[in-house]
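Notes for the one structure printed next.
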Amino acid sequence: MFIFDAHLDLAMNAMEWNRDLSWAVKDIRAKEEGMTDKPDRGKNTVSFDEMRKGNIGICMATQIARFVKRDSQLPGWNSPHQAWAQTQGQLAWYRAMEAIGEMTQITNKEELNRHLDFWNSSTKNKKPIGYILSLEGADSIVTIDQLEKSHDQGLRAIGPAHYGPGTYAHGTNSIGGIGYKGKELLKEIARLNIILDTTHLCDESFWETMKAYQGPLWASHNNCRALVNHNRQFSDEQIIELIKRDAVIGIALDAWMMVPNWVRGKSTPEAMGVTLEIMVDHIDHICQLAGNTLHVGIGTDLDGGFGKEQSPADIDTIADLQKLPDLLHKRGYNNEDIENIMHANFIRFLRNTWS
Ligand SMILES: [Zn+2]
């Protein structure tokens, strides 16, 4: 079944992990053998070939670069200008992948429809993977007028915050609202018809955003607080608000967000019982709140700073997402429901936003 993945940090892997995603997953793992600079070395799950094997024909692909103030303990760039330059380097990598036919950028409805027709009818064995550019954390936008430049580059979704306090909003593990700058950013996001990604907004910033912003919004990779009680996940109240706003919520596969009491670097997916069944629990929770299957999708975040050591035990590569339709079927979902979840909800959302 065709899969839309609403969150992959592909360029971050290329530019910060030095991974050539046109290699096979096993070759990237072999190259990283013995490396200790990052906890997920040799445990990657994403490559272009594995995406093709898993029929993941479209993804939201991120630009991501955090700016941190001098006294911050978080890793990040020391100026927003450096963060901007980093995102531009990431864009240059996406362009380079387009040039060799690994990827193709989607920026509007015509391109979306054309890509879907091509993907579903072509028998070529190296089909370019469709990607839609999104920005995770807006700190790299130095001045608000820069957002139009990003829009010209194809940026179609943006999350105002990531971890910690940001320039435009407070993110995961921080407390605070969106302030004047955040409101100005939201106005510009609405004017440009960019999709607002509510993922990572802390509670106060989330609710202020709901009041200040009336444009299209979704949550690309966000799980349920009812199942894992931490501010990174959304409460039922937040999920219900998103459903009212006709949002789609992508469920992520970062193990600590799937089950409670995960201890980074110590817990293992096997010991904690983290499998794709747990993803189905989060999917099902949102469907039960909505009373339908129209508001949930897939936003894996695979290789988003973690690898096999912190992904479901039944995921060796991203191609294993194809195990999901069967699991959903066993949970009582019919074919139309499963199509909604695997791709149709996000695609419908984009068509509505871009019409
Ligand atoms: Zn994230």
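The values are calculated or read from the model by the stated rules, or taken from the named source; none is laboratory data. The shown structure was predicted, so the numbers you read here are calculated from the model rather than taken from an experiment. FYI the Cβ positions are ideal-geometry reconstructions off the backbone, even for glycines, and counts take in every protein chain you see. The protein model used for the area step is the full one, side chains on, heavy atoms only, and it has no ligands, DNA or RNA in it. Shrake-Rupley method; radii C 1.70, N 1.55, O 1.52, S 1.80 Å.
Across the options ASN108, TRP256, CYS224, the greatest Cα extent toward the positive end of the charge dipole of the chain (unit charges at beta carbon of Lys, Arg, Asp, Glu) belongs to ASN108.
Any idea which of ASN18, VAL46, GLN63 is furthest toward the positive side of the dipole for the stretch 1-160, if Lys and Arg beta-carbons carry +1 and Asp and Glu beta-carbons -1? Towards the positive end, the residue furthest out is VAL46.
Over the stretch 1-132, accessible surface divided per residue gives 46 Å², non-protein components excluded, 1.4 Å probe. With respect to the cross-link table entries LYS31/LYS323; LYS109/LYS211; LYS211/LYS244; LYS149/LYS187; LYS187/LYS244, which display a Cα-Cα separation exceeding 18 Å? With Cα atoms farther than 18 Å apart: LYS31/LYS323; LYS109/LYS211; LYS187/LYS244. The H on the amide N of GLY250, modeled in the peptide plane, is under 5 Å from the matching H of ALA219, SER220, HIS221, ASN222, GLY297, each at least 5 residues off or on a different chain.
Antiparallel as a % of all DSSP beta bridges within the chain, to the nearest 5? Each step should come with its number before you reach the end.
Working: 1 of 30 bridges.
Approximately 5 percent, going by the DSSP bridge assignments.
For LYS38, the lysines whose Cα comes closer than 19 Å to its Cα, not counting residues fewer than 8 places off in the same chain, are LYS26, LYS266, LYS308. Using every pair of separate Cα atoms, the Kirkwood estimate puts the hydrodynamic radius of the chain at 20.2 angstrom.
Taking the Cα centre of the stretch 35-187 as origin and assigning +1 to Lys and Arg Cβ atoms and -1 to Asp and Glu Cβ atoms, the resulting dipole is close to 200 debye. Distance between the C-alpha centres of the stretch 213-243 and the stretch 48-105: 24 Å, rounded to the whole angstrom.
Rolling a 1.4 angstrom probe over the stretch 90-241 with all protein chains present gives an accessible area of which 51% lies on carbon and sulfur atoms.
For the stretch 23-73, the share of accessible area belonging to carbon and sulfur comes to 49 percent (1.4 Å probe, ligands and nucleic acids excluded). Translational diffusion of the stretch 1-85, estimated by Stokes-Einstein from the Kirkwood radius over alpha carbon pairs at 4 °C in a medium of 1.567 mPa s, is 89 µm² per second.
Straight-line cross-link partners of LYS69 among the lysines, defined as a Cα under 18 Å from its Cα and at least 8 positions apart when in the same chain: LYS181.
Toward the positive end of the charge dipole of the stretch 258-340, about the Cα centre and with charges on Cβ (Lys, Arg +1; Asp, Glu -1), which of HIS329, GLY291, ASN340 goes farthest? Checking the options against the dipole of the stretch 258-340, the answer is GLY291.
Taking the Cα centre of the stretch 209-276 as origin, work out the dipole magnitude from +1 charges on Lys and Arg Cβ and -1 charges on Asp and Glu Cβ, in debye rounded to 20. Mind showing how you got there, number by number?
Values: 7 positive and 6 negative charges, 39 e Å.
That gives a dipole near 180 debye.
Estimated from helices alone, the mean residue ellipticity of the chain at 222 nm is -10500 deg cm²/dmol (sum of -39500 (n - 2.57) over DSSP H runs with n ≥ 4, per residue). Charge dipole (Cα centre; +1 on Lys/Arg Cβ, -1 on Asp/Glu Cβ; no other charges) of the stretch 256-355 amounts to roughly 240 debye.
Spin-label model, ILE175 to ALA30: label points 7 Å out along the Cα-to-beta-carbon direction sit 5.2 nm apart. Each residue of the stretch 164-320 gets 113 Å³ once the volume of the Cα convex hull is shared out per residue.
Between VAL142 and GLU270, what length in nm is gained on full extension when 0.36 nm per residue of separation is reduced by their alpha carbon distance?
On the way: separation 128, 0.36 × 128 = 46.08 nm, distance 4.31 nm.
The VAL142-GLU270 span can extend by a further 41.8 nm.
Using a probe of 1.4 angstrom and keeping all protein chains present, the accessible surface of the stretch 211-306 works out to 36 square angstrom per residue.
Which residues make up the longest stretch of the chain clear of trypsin sites (Lys or Arg not before Pro) that lie in a DSSP loop with no more than 15 other Cβ atoms within 10 Å, not counting the sites?
Numbers: sites that count: LYS69, ARG70, LYS124, LYS126, ARG264, LYS266, ARG331.
Longest run free of exposed loop sites: 127-263.
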